[in-house]
Amino acid sequence: MNKKSTMNSAWERLVNGLVKENPTFVLMLGMCPTLAVTTSAMNGLGMGLTTTVVLMLSNLIISLLRNIIPSRVRIPAFIVIIASFVTAVQLLLEAYIPSLNAALGMYIPLIVVNCIILGRAESFAYSNPPIPSLFDGIGMGLGFSFALTCIGAVREVLGAGTIFDYSIMPASYVTINIFVLAPGAFFVLAMLTAFQNFLKATRAKVSEEAAAMVGSGCSEDCMNCSEKGCAKRFYDTQASDKLPDVNAEDFQEKPKTVEVEDMDEKEEV
Amino acid sequence: MSDMYKVSSNPHVRSRVTTNGLMLAVIVALLPATGFGIYNFGIRAAYVVLTSVICAVLTEGLFGLYRKKMTITDLSAVVTGLLLALNMPVNIPLWMVGLGSVFAILVVKCLFGGLGQNFMNPALAARCFLLISFPSYMTNFECDAYTGATPLAVLKSGGTVNNFDMIVGNTSGTIGETSMLALVIGACFLLLLGVIDLKVPASYIISFVVFAIAFGGHGLDPQFLSAQIAGGGLILGAFFMATDYVTRPITAWGQILFGIFLGVMTGIFRFFGPGAEGVSYAIILGNLLVPLIEKVTKPVAFGRGGKS
């Protein structure tokens, strides 16, 4: 969570959104559009890019207004800003790409409540200058688009034998219908998430930067985290073995206090 | 004498029943139905059974190699493969059988932690996977021996069926479901061995019959009711799949409740759904409710609860 050091680098924000904190595969945000509209690669890409535009602009505007918006009403203010951009984007889609608008349907207005957008506004744009916020939006949006296109492509190939409506399977290929239905979305999302975890795990084994990588997706919930060797980890199975006479209650108390200290430190920095 | 001084940690009371033995009993109990299926539908049924079992065992073996924990010898993969094959029409392409087997073992069982951790019956989950993916292949029951619809589909469209044929099994359908006689022989074998008890199957079938009397549209017509019991996968499902140790509730009342739920769901699928059959969906839905059922029917420990 070393945001301070990466803040000035727009490039880092981009990579962060695409790989380290990929909103779909790592943060698991925005599951509703991820599961619902990725029946084809085209739909996934369309949804991803639409969200990217909204995310980029809302991050920029919220960052510019961050000193004016009182923190008590920040969520309603975010929603108003996001909803304005979504409305604008939807009108543009209706005018210029009606087919995509028809395919995505209800999920375009629902971008307003997409938790990636609200999440980035709350956790990044509201406390950072405009330029990094803009690039954070682009990075997150591209990461989202990439993930949705991947899921859509796999589902389209298996479920319909085509990719971007271009037939790639032999004529004798029997389509596996379940992949274009809702259960297929869960299967493919789970498999792709497992695959990227597998890639990251193999890389982490080689690299000494494992702890830093773990930190990027860290929910600070060390009790339920299985990552060993994480620098931030204070609750370890080995540590608990060494303290056999501590009550269970003490263990439950411990994370809370440490967490509070941790947050205080961050604010001071 | 030396046994007297043996010191070991608990549990001290051990059962001789092993996973291996239970699975072997289920396999033996399924043999009459499998044999009749091959007799009824011809040699292709044997290919389907072999493909399914071999793919299931291979998947389990390869996953065991990857995880360095070989579980192939507990025979559970054989049971899953066999049950899946008995749930297939005879003329299904063999690669679909293999895909279903791999799905059952890999996705439904191994990825959730192997035998004992799967939250739904692997064979039925794979059947539903195939049914949704390839509906035209999975519901095409035409073969050399039979060209007509399944007895349940005939009943659904208002026709009449020969009940004697249905009990013996001379009808179209999936490989293992047609012969009520062969299935009941296998079920009696399991009941006598004590591998399964009657709680789930009896509450399942009785509640289904009650539902059929109430909503089936034929009232107390014995011909219709017996055809509904003998037809489709009800007997196969009730005795061999709903009784799966892993995916049924462990409490006694929970098992009865589970059976009643399955009976009602099967009735709803059969009489109000678009298809003629609904046993597999009913059992899968029941599997998903098992944690809830167990929570509701959890017995009160001695000394707890009651008036305080």
task = Being surrounded by fewer than 21 Cβ atoms within 10 Å (Cβ to Cβ) and farther than 18 Å from B:Val53 by Cα is the filter; apply it to segment B:108-127 and report the residue that is farthest from the other protein chains (Cβ to nearest Cβ).
result = B:Gly116
key: Residue in segment B:150-171 that is farthest from the other protein chains (Cβ to nearest Cβ), counting only those that are in contact (Cβ under 8 Å) with a residue 40 or more places away in the chain and among the aliphatic types (A, V, I, L, M)   = B:Ile167
task = Write out, first by first residue and then by second, each pair whose Cβ atoms fall under 8 Å of each other, whose residues are 6+ apart or on separate chains, and whose first residue, in segment A:172-196, is away from chain B (no Cβ under 11 Å) while the second is of a type in the set (Phe, Trp, Tyr) and part of a helix (DSSP H, G or I).
result = A:Val188/A:Phe179
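Yes or no, residue by residue, for (1) at pLDDT 85 or above; (2) not aliphatic (A, V, I, L, M):
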{"residue": "A:Ile116", "(1), (2)": "yes, no"}
{"residue": "A:Gly143", "(1), (2)": "yes, yes"}
{"residue": "A:Ala147", "(1), (2)": "yes, no"}
{"residue": "A:Arg155", "(1), (2)": "yes, yes"}
{"residue": "A:Asn177", "(1), (2)": "yes, yes"}
{"residue": "A:Val188", "(1), (2)": "yes, no"}
{"residue": "A:Gln196", "(1), (2)": "yes, yes"}
{"residue": "A:Lys205", "(1), (2)": "no, yes"}
ask   = For the subset of segment B:219-260 comprising residues that are more than 17 Å from the chain's Cα centre (by Cα) and hydroxyl-bearing (Ser, Thr, Tyr), which member is farthest from B:Val161 (Cα to Cα)?
value = B:Thr251
ask   = Out of segment B:152-178, which residues are assigned to a loop (DSSP other than H, G, I, E, B) and surrounded by fewer than 17 Cβ atoms within 10 Å (Cβ to Cβ)?
value = B:Ser157, B:Gly158, B:Gly159, B:Thr160, B:Asn162, B:Asn170
query = Any residue at all in segment B:134-146 that is out of contact with any Ser or Thr (no Cβ under 7 Å at 6 or more places or on another chain), crowded, with 20+ Cβ neighbours inside 10 Å and within 14 Å of chain A (Cβ to nearest Cβ)?
reply = yes
key: So B:Thr174, is it out of contact with any helix residue (DSSP H, G or I) (no Cβ under 6 Å at 6 or more places or on another chain), within 14 Å of another protein chain (Cβ to nearest Cβ) and under 27 Å from B:Leu94 (Cα atoms)   = no
Scan of segment A:159-171 for residues that are of a type outside the set (A, V, I, L, M, F, W, C) and away from chain B (no Cβ under 14 Å), ordered by number = A:Thr162, A:Asp165, A:Tyr166, A:Ser167
key: Leading residue by the ranking (modelled with the highest pLDDT) among those in segment B:106-129 that are among the aliphatic types (A, V, I, L, M) and not in a helix (DSSP H, G or I)   = B:Met120
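The values are calculated or read from the model by the stated rules, or taken from the named source; none is laboratory data. Note that this is a predicted model, so its numbers are computed, not measured. Quick reminder, even Gly has a Cβ in these numbers, built from the backbone with ideal geometry, and neighbours come from all protein chains shown.
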